[in-house]
Amino acid sequence: MRKDEIRGRSLFHGGALSALGRRDYRVLWSGAFVSNIGTWVHTAVLLWLVKEMTGSNAWVGAVNMASYLPVLFFVLPAGSLADYLDRKKLILWGQVVMMLGALLLGVLSTLGLTSLPSIMVITGVMGVAFAMNFPAWQSVLPDLVPREDLLNAIALSAAQFNLARFIGPAVGGIVVMWSVAAAFYFNALSFLFVIGALLLIRTETPGYPRPAEGMGPHIKEGLLFAGRRRWMVTLLVAIAIISFFGFSLIVLVPSLARDVLGRGSGGYGLLLGILGLGAFASAPLVTTLGERFGERAVVKASTLALGLCLAALAFSRTYWLSCLILFGVGMSFLMTTSTINTLLQGDVERELRGRVMSLYIMMFVGVFPIGGQVLGFVSDLTSTPTALLIDGIACTALALFLLVFPGLTEQTGSDHFRCIRNISNTCNTKG
């Protein structure tokens with residue numbers, strides 16, 4: 001066997017790209033990558049447009065909230081649907097609705113009819129579609145890869161999203177100088193790639209029989225499943241804190257670029273892109289570190305790194321130093337969220353996975369817009385560096401708490417069980 005063949009086998013069989021060795025995962029990864037480039041072109045241009053229209057970080061936070069707040073209200077029912085409907089079909093319909101929303105924003109921009117109310121309404125509808133779509137998206141990954149490739153699949157999915165976050169804002173920073181409408185049209189077109197990928201996937205993703213007890217008890221079963229596990233509750237609370245104080249950084253990037261570092265749309269696009277590039281670069285690293293040191297150790301170390309990077313960003317007044325720090329923020333953030341995602345999915349039966357993922361998404365994506373809104377107000381009342389310093393202190397404190405109380409994230413023997421469908425029944429230990 002030639003050396004290049006040996007290297008290829010090591011990469012795609014147990015290596016840093018092992019999940020891409022699975023044909024259906026590779027097809028979905030590629031389609032999602034193109035679509036996410038369009039999403040980040042759209043997002044970067046939209047947030048910059050709102051900042052230019054209003055001059056207010058709070059309004060940027062409000063539009064961001066319209067995108068993601070629906071997660072808090074719709075993600076639990078969406079998780080239930082992801083457990084008894086065909087996941088591919090559920091994802092497909094969500095992508096179609098978001099594509100039509102982007103197309104409508106493009107048409108309004110072309111006609112000169114864009115306003116804050118229209119942006120809020122259309123963005124809110126797209127947010128509802130996103131909320132209904134996301135649990136099925138997260139839950140379908142373990143259907144496409146075996147358990148040993150799950151951490152790699154989740155890390156690579158996050159990596160393509162963040163590589164798109166590097167490319168998309170850079171493109172958006174150029175597009176916004178030419179035409180705002182073009183960014184929205186580009187996003188609408190990009191959805192066709194992920195829709196095509198979903199149609200090409202051969203793996204069946206059938207749902208389970210519709211719960212006879214109705215959706216309410218079905219959702220309650222998922223809540224009880226997570227609530228009875230101290231380690232799972234701890235990780236869900238941790239991801240909520242990281243999202244509130246860490247992921248909400250995106251709302252402050254326009255102000256960081258314009259008000260602190262004195263840059264225009266191009267400089268803003270590069271800052272946002274560097275954040276995504278750092279996350280992309282960490283994807284192979286998180287798989288290696290998880291295997292060597294354990295996934296829980298990676299969560300604690302990367303959360304600490306995130307907090308220290310955010311605090312350092314608060315004191316930076318040099319553009320290229322800020323770019324370097326944001327690269328570190330992106331790396332540590334992806335490592336934390338991907339590893340928590342893997343821990344939550346790793347010991348969950350397929351029939352409960354959608355509901356457990358809906359809790360993860362609620363804590364991650366649902367809390368994020370609230371944090372963005374709060375930090376937008378804080379930065380308007382004080383300054384952007386002050387808001388960034390608060391972010392850094394909060395994430396550092398969380399990391400220190402997890403290090404001082406390591407048992408809170410550890411599984412016990414009673415956590416390994418398979419829950420029977422009927423809530424009134426007890427849960428049995430796994431064989």
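The values are calculated or read from the model by the stated rules, or taken from the named source; none is laboratory data. Everything numeric in this text was worked out from a predicted model, so none of it was measured. Positions of Cβ are generated from backbone atoms using ideal geometry, with glycine treated the same way; all protein chains shown enter the neighbour counts.
Check residue 267 against each of (1) in a helix (DSSP H, G or I); (2) at pLDDT 85 or above; (3) more than 23 Å from the chain's Cα centre (by Cα) and name the one condition it does not meet.
It fails just one condition, (2).
Out of curiosity, is residue 273 under 19 Å from residue 163 (Cα atoms) and either touching a helix residue (DSSP H, G or I) at 6+ places or on another chain (Cβ under 9 Å) or not in a helix (DSSP H, G or I) (or both)?
yes
Which condition number in (1) modelled with pLDDT of 90 or more; (2) within 26 Å of residue 26 (Cβ to Cβ); (3) hydroxyl-bearing (Ser, Thr, Tyr) is the one that residue 157 fails?
(1)
Going by the conditions given, is residue 279 over 22 Å from residue 244 (Cα atoms) and surrounded by 20 or more Cβ atoms within 10 Å (Cβ to Cβ)? Show your work before the answer.
Values: over 22 Å from residue 244 (Cα atoms): no; surrounded by 20 or more Cβ atoms within 10 Å (Cβ to Cβ): yes.
Considered against the rule, which asks whether it is over 22 Å from residue 244 (Cα atoms) and surrounded by 20 or more Cβ atoms within 10 Å (Cβ to Cβ), residue 279 comes out as no.
Just the residues that are closer than 17 Å to residue 68 by Cα, touching a helix residue (DSSP H, G or I) at 6+ places or on another chain (Cβ under 6 Å), at pLDDT below 85 and of a type outside the set (Phe, Trp, Tyr), please, taken from region 227-264.
Passing the criteria: 248, 251.
I'm trying to understand the selection: among the residues of region 340-377, which are charged (D, E, K, R) and either at pLDDT below 80 or under 29 Å from residue 254 (Cα atoms) (or both)? Walk me through it before giving the result.
Filtering region 340-377 for residues charged (D, E, K, R) gives 347, 349-351, 353, 355.
Selection gives 347, 349, 350, 351, 353.
Would you check if there is a residue in region 111-126 being in a helix (DSSP H, G or I), among the small types (Gly, Ala, Ser) and surrounded by 20 or more Cβ atoms within 10 Å (Cβ to Cβ)? Spell out the reasoning first.
Our first condition is that a residue be in a helix (DSSP H, G or I); within region 111-126, this holds for 116-126.
Next, from what is left, pick out any that are among the small types (Gly, Ala, Ser): 118, 124.
Restricting the remaining residues to those that are surrounded by 20 or more Cβ atoms within 10 Å (Cβ to Cβ) gives none.
No: region 111-126 contains no residue that is in a helix (DSSP H, G or I), among the small types (Gly, Ala, Ser) and surrounded by 20 or more Cβ atoms within 10 Å (Cβ to Cβ).
What is the residue count in region 365-382 for residues that are within 23 Å of residue 235 (Cα to Cα) and surrounded by fewer than 23 Cβ atoms within 10 Å (Cβ to Cβ)?
Number of matching residues: 2.
Consider only pairs whose beta carbons are under 8 Å apart and that are at least six residues apart or on different chains; among these, list those whose first residue lies in region 89-103 and is within 14 Å of residue 183 (Cα to Cα) and whose second residue is among the hydroxyl-bearing types (Ser, Thr, Tyr) and in a helix (DSSP H, G or I).
Taking only residues 6 or more apart or on different chains, the pairs are 101/123; 102/185; 103/185.
Could you say which residue among 312, 283, 240, 226 is in a helix (DSSP H, G or I) and farther than 30 Å from residue 76 by Cβ?
Details: 283 fails: farther than 30 Å from residue 76 by Cβ; 240 fails: farther than 30 Å from residue 76 by Cβ; 226 fails: farther than 30 Å from residue 76 by Cβ.
One residue alone meets the criteria, 312.
Please identify the pairs in which a residue from region 167-194 that is crowded, with 24+ Cβ neighbours inside 10 Å has its Cβ atom under 9 Å from the Cβ atom of a residue that is not in a helix (DSSP H, G or I), counting only partners at least 6 apart or on another chain.
Close Cβ pairs (under 9 Å, with a partner that is not in a helix (DSSP H, G or I)) amount to 173/264; 183/176.
Please work out if residue 336 is among the β-branched types (Val, Ile, Thr) and modelled with pLDDT under 90. I'd like the intermediate steps shown before the answer.
Numbers: among the β-branched types (Val, Ile, Thr): yes; modelled with pLDDT under 90: no.
For residue 336, the condition - among the β-branched types (Val, Ile, Thr) and modelled with pLDDT under 90 - is not met.
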